[in-house]
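Presented below is the structure to which this report refers.
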Amino acid sequence: MKKIYMYLLDTMADWENGYFLQGFTLQKMLPKQEYELCTVATSRKPIKTAGGMTLIPDIILDELDENQAAALLLIGADTWGSTEQTAILEVAKSLIEKGVLVAAICGATLGLANVGILDTQYHTSNALFFLTGMSSNYNGEQYYKDVAAVADDNLITASSAGSLLWAKYIFEKLEIYSSETIEAWYNYFSTGKASYFGELMNTFS
(Lines give C-alpha, C1' and ligand atoms only; values in the text may rest on other atoms or scores of the structure.)
Protein backbone atom coordinates (compact mmCIF):
# COMPACT_ATOMS: atom_id res chain seq x y z
CA MET A 1 0.00 0.00 0.00
CA LYS A 2 1.38 3.39 -1.00
CA LYS A 3 1.93 5.94 1.75
CA ILE A 4 0.81 9.53 1.94
CA TYR A 5 3.26 11.17 4.31
CA MET A 6 2.07 14.15 6.33
CA TYR A 7 4.82 16.14 7.98
CA LEU A 8 4.20 17.32 11.54
CA LEU A 9 5.94 20.34 13.02
CA ASP A 10 5.41 22.64 15.97
CA THR A 11 2.86 25.45 15.41
CA MET A 12 1.33 23.39 12.59
CA ALA A 13 -1.97 24.90 11.43
CA ASP A 14 -4.03 21.82 12.25
CA TRP A 15 -7.18 23.10 10.51
CA GLU A 16 -5.53 23.33 7.10
CA ASN A 17 -5.51 19.56 6.62
CA GLY A 18 -9.13 19.13 7.74
CA TYR A 19 -10.76 18.83 4.32
CA PHE A 20 -8.08 16.42 3.15
CA LEU A 21 -8.52 14.21 6.21
CA GLN A 22 -12.31 14.19 5.82
CA GLY A 23 -12.11 13.24 2.17
CA PHE A 24 -9.43 10.66 2.83
CA THR A 25 -11.74 8.80 5.23
CA LEU A 26 -14.05 8.05 2.31
CA GLN A 27 -11.60 5.35 1.26
CA LYS A 28 -13.54 3.01 3.54
CA MET A 29 -16.37 3.23 0.99
CA LEU A 30 -14.16 1.70 -1.69
CA PRO A 31 -13.77 -2.02 -2.36
CA LYS A 32 -10.03 -1.68 -1.82
CA GLN A 33 -7.90 0.97 -0.13
CA GLU A 34 -4.74 1.91 -2.00
CA TYR A 35 -3.28 4.58 0.28
CA GLU A 36 -2.23 4.77 3.91
CA LEU A 37 -1.68 8.02 5.83
CA CYS A 38 1.57 8.15 7.78
CA THR A 39 2.64 11.10 9.91
CA VAL A 40 6.33 11.95 10.09
CA ALA A 41 8.43 14.39 12.11
CA THR A 42 12.07 15.08 12.83
CA SER A 43 11.85 13.31 16.20
CA ARG A 44 9.43 11.22 18.24
CA LYS A 45 8.67 14.01 20.69
CA PRO A 46 5.05 15.25 20.70
CA ILE A 47 4.14 18.08 18.34
CA LYS A 48 2.07 21.00 19.63
CA THR A 49 -0.16 22.41 16.91
CA ALA A 50 -1.30 26.00 16.54
CA GLY A 51 -4.77 24.92 17.64
CA GLY A 52 -3.38 23.43 20.84
CA MET A 53 -3.51 19.72 19.99
CA THR A 54 -0.68 17.38 20.87
CA LEU A 55 0.28 14.97 18.09
CA ILE A 56 2.72 12.07 18.16
CA PRO A 57 4.23 11.14 14.77
CA ASP A 58 4.03 7.61 13.40
CA ILE A 59 7.64 7.66 12.24
CA ILE A 60 10.69 9.90 12.25
CA LEU A 61 12.17 11.36 9.10
CA ASP A 62 14.95 8.76 8.81
CA GLU A 63 12.25 6.08 8.49
CA LEU A 64 10.48 7.71 5.55
CA ASP A 65 10.66 5.43 2.51
CA GLU A 66 10.69 7.51 -0.66
CA ASN A 67 10.03 4.39 -2.74
CA GLN A 68 6.72 3.88 -0.91
CA ALA A 69 5.70 7.53 -1.10
CA ALA A 70 2.65 8.51 -3.11
CA ALA A 71 2.65 12.05 -1.74
CA LEU A 72 4.19 14.36 0.84
CA LEU A 73 1.84 16.85 2.50
CA LEU A 74 3.32 19.97 4.08
CA ILE A 75 1.02 21.98 6.33
CA GLY A 76 1.39 25.65 7.25
CA ALA A 77 3.20 26.65 10.44
CA ASP A 78 5.13 29.57 11.90
CA THR A 79 8.31 27.48 11.97
CA TRP A 80 8.99 26.90 8.27
CA GLY A 81 11.88 29.34 8.35
CA SER A 82 13.69 27.26 10.96
CA THR A 83 16.78 25.25 10.02
CA GLU A 84 15.03 22.27 11.60
CA GLN A 85 12.93 22.01 8.42
CA THR A 86 15.93 21.67 6.10
CA ALA A 87 15.79 17.88 6.08
CA ILE A 88 12.13 17.57 5.07
CA LEU A 89 12.59 20.20 2.36
CA GLU A 90 15.44 18.12 0.93
CA VAL A 91 13.07 15.16 0.90
CA ALA A 92 10.50 17.32 -0.91
CA LYS A 93 13.06 18.20 -3.58
CA SER A 94 14.00 14.55 -4.00
CA LEU A 95 10.39 13.44 -4.33
CA ILE A 96 9.57 16.09 -6.91
CA GLU A 97 12.56 14.98 -8.96
CA LYS A 98 11.19 11.43 -8.79
CA GLY A 99 7.74 12.53 -9.95
CA VAL A 100 6.10 12.05 -6.56
CA LEU A 101 3.42 14.53 -5.49
CA VAL A 102 4.36 17.27 -3.03
CA ALA A 103 1.47 19.38 -1.72
CA ALA A 104 2.14 22.46 0.42
CA ILE A 105 -0.26 24.95 1.94
CA CYS A 106 0.09 28.36 3.57
CA GLY A 107 3.41 28.78 5.39
CA ALA A 108 4.77 25.53 3.96
CA THR A 109 5.04 27.28 0.59
CA LEU A 110 7.62 29.54 2.21
CA GLY A 111 9.71 26.48 2.97
CA LEU A 112 9.53 25.43 -0.68
CA ALA A 113 10.47 28.95 -1.75
CA ASN A 114 13.53 28.87 0.48
CA VAL A 115 14.97 25.85 -1.34
CA GLY A 116 14.09 26.97 -4.87
CA ILE A 117 11.24 24.55 -5.56
CA LEU A 118 8.88 27.36 -6.58
CA ASP A 119 11.30 28.93 -9.07
CA THR A 120 10.34 26.73 -12.02
CA GLN A 121 6.70 25.68 -11.50
CA TYR A 122 3.37 27.47 -11.24
CA HIS A 123 2.32 27.97 -7.65
CA THR A 124 0.51 30.15 -5.14
CA SER A 125 0.82 31.12 -1.49
CA ASN A 126 -0.85 33.49 0.97
CA ALA A 127 0.28 36.40 -1.23
CA LEU A 128 3.16 37.18 -3.55
CA PHE A 129 4.56 39.67 -1.03
CA PHE A 130 4.53 36.85 1.55
CA LEU A 131 7.09 34.95 -0.52
CA THR A 132 9.15 37.89 -1.77
CA GLY A 133 9.24 39.54 1.64
CA MET A 134 10.06 36.48 3.72
CA SER A 135 12.33 34.44 1.43
CA SER A 136 15.59 35.86 0.15
CA ASN A 137 15.97 32.77 -2.07
CA TYR A 138 12.65 33.09 -3.90
CA ASN A 139 12.91 33.78 -7.65
CA GLY A 140 9.61 32.42 -8.91
CA GLU A 141 7.54 35.58 -9.33
CA GLN A 142 6.81 34.80 -12.98
CA TYR A 143 5.18 31.51 -11.96
CA TYR A 144 3.03 32.93 -9.16
CA LYS A 145 -0.77 32.78 -9.54
CA ASP A 146 -3.08 34.86 -7.34
CA VAL A 147 -5.63 32.08 -6.71
CA ALA A 148 -6.58 29.84 -3.79
CA ALA A 149 -4.73 26.74 -5.03
CA VAL A 150 -2.59 25.69 -7.98
CA ALA A 151 -1.79 22.24 -9.35
CA ASP A 152 1.22 22.05 -11.66
CA ASP A 153 2.38 18.56 -12.53
CA ASN A 154 3.42 16.93 -9.23
CA LEU A 155 3.38 20.17 -7.20
CA ILE A 156 0.24 21.46 -5.49
CA THR A 157 0.25 24.69 -3.51
CA ALA A 158 -2.44 26.67 -1.73
CA SER A 159 -3.04 29.76 0.35
CA SER A 160 -4.37 29.57 3.88
CA ALA A 161 -7.83 30.06 2.37
CA GLY A 162 -7.44 27.27 -0.19
CA SER A 163 -7.57 24.10 1.89
CA LEU A 164 -10.71 22.69 0.23
CA LEU A 165 -9.43 23.16 -3.31
CA TRP A 166 -5.99 21.95 -2.22
CA ALA A 167 -7.54 18.69 -1.00
CA LYS A 168 -9.53 18.33 -4.23
CA TYR A 169 -6.39 18.66 -6.32
CA ILE A 170 -4.62 16.05 -4.20
CA PHE A 171 -7.47 13.56 -4.64
CA GLU A 172 -7.50 14.22 -8.38
CA LYS A 173 -3.74 13.79 -8.75
CA LEU A 174 -3.68 10.54 -6.78
CA GLU A 175 -6.88 9.30 -8.43
CA ILE A 176 -8.13 8.01 -5.09
CA TYR A 177 -11.74 8.37 -6.23
CA SER A 178 -13.61 8.71 -9.48
CA SER A 179 -13.97 12.17 -10.97
CA GLU A 180 -17.70 12.01 -10.15
CA THR A 181 -16.98 11.31 -6.49
CA ILE A 182 -14.44 14.11 -6.22
CA GLU A 183 -16.69 16.63 -7.92
CA ALA A 184 -19.70 15.74 -5.75
CA TRP A 185 -17.52 15.89 -2.62
CA TYR A 186 -16.14 19.28 -3.57
CA ASN A 187 -19.55 20.66 -4.48
CA TYR A 188 -21.04 19.50 -1.18
CA PHE A 189 -18.36 21.04 1.01
CA SER A 190 -18.16 24.25 -1.01
CA THR A 191 -21.95 24.85 -1.01
CA GLY A 192 -23.41 22.79 1.85
CA LYS A 193 -26.29 21.65 -0.38
CA ALA A 194 -27.76 18.30 0.65
CA SER A 195 -28.35 17.35 -2.97
CA TYR A 196 -24.61 17.14 -3.51
CA PHE A 197 -24.28 14.91 -0.46
CA GLY A 198 -26.78 12.58 -2.08
CA GLU A 199 -24.78 12.63 -5.31
CA LEU A 200 -21.63 11.86 -3.34
CA MET A 201 -23.15 8.82 -1.64
CA ASN A 202 -24.58 7.59 -4.93
CA THR A 203 -21.12 7.50 -6.49
CA PHE A 204 -20.19 4.71 -4.08
CA SER A 205 -23.26 2.56 -4.77
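The values are calculated or read from the model by the stated rules, or taken from the named source; none is laboratory data. Predicted model, so just to flag it, every value in this text is computed and none were measured. No Cβ is skipped: glycine too gets one built from the backbone with ideal geometry, and neighbour counts run over all protein chains shown. We work out accessible area using only protein heavy atoms, side chains counted, and drop any ligands, DNA or RNA first. Shrake-Rupley method; radii C 1.70, N 1.55, O 1.52, S 1.80 Å.
General remarks:
- You will find that of Ile170, Ile176, the residue that is touching a strand residue (DSSP E or B) at 6+ places or on another chain (Cβ under 6 Å), touching a residue at least 24 places away in the same chain (Cβ under 8 Å) and under 19 Å from Gln22 (Cα atoms) is Ile170 and no other.
- Count of residues meeting criterion [assigned to a loop (DSSP other than H, G, I, E, B) and farther than 16 Å from Thr25 by Cα] in segment 154-205: 8
- If the condition is being open to solvent by less than 40 Å² (accessible area, probe 1.4 Å) and within 19 Å of Gly18 (Cβ to Cβ), then segment 42-75 contributes Ile47, Thr49, Pro57, Ala71, Leu72, Leu73, Leu74, Ile75.
- Among the residues of segment 136-153, just one is under 14 Å from Ile105 (Cα atoms), among the small types (Gly, Ala, Ser) and outside any strand (DSSP E or B), namely Ala148.
- Qualifying positions in segment 82-104 - of a type in the set (Lys, Arg) and open to solvent by 70 Å² or more (accessible area, probe 1.4 Å): Lys98
- Only residues that are hydroxyl-bearing (Ser, Thr, Tyr) and within 23 Å of Trp185 (Cβ to Cβ) were counted across segment 1-38, and they come to 4.
- Unmet requirement for Asn139, which otherwise passes all of (1) touching a Phe, Trp or Tyr at 6+ places or on another chain (Cβ under 6 Å); (2) more than 23 Å from Leu30 (Cβ to Cβ): (1)
- Test set (1) farther than 23 Å from Gln33 by Cβ; (2) open to solvent by 60 Å² or more (accessible area, probe 1.4 Å); (3) touching a Phe, Trp or Tyr at 6+ places or on another chain (Cβ under 9 Å) - Lys193 fails condition number: (3)
- Annotation note: of Tyr7, Tyr19, the sole residue that is open to solvent by 60 Å² or more (accessible area, probe 1.4 Å), of a type outside the set (D, E, K, R), in contact (Cβ under 8 Å) with a residue 12 or more places away in the chain and under 23 Å from Asn126 (Cβ atoms) is Tyr19.
- Some residue of segment 122-135 being in contact with a strand residue (DSSP E or B) (Cβ under 6 Å, 6 or more places away or on another chain), at pLDDT 95 or above, open to solvent by less than 50 Å² (accessible area, probe 1.4 Å) and assigned to a loop (DSSP other than H, G, I, E, B): yes
- Residues in segment 35-56 that are of a type outside the set (Ser, Thr, Tyr) and assigned to a loop (DSSP other than H, G, I, E, B): Arg44, Lys45, Pro46, Ala50, Gly51, Gly52, Met53, Ile56.
- When segment 13-34 is limited to residues that are over 17 Å from Thr157 (Cβ atoms) and either in a loop (DSSP other than H, G, I, E, B) or among the β-branched types (Val, Ile, Thr) (or both), the one that is farthest from the chain's Cα centre (by Cα) turns out to be Pro31.
- None of Thr54, Thr25 is hydroxyl-bearing (Ser, Thr, Tyr) and either over 19 Å from Glu175 (Cβ atoms) or touching a residue at least 40 places away in the same chain (Cβ under 8 Å) (or both) except Thr54.
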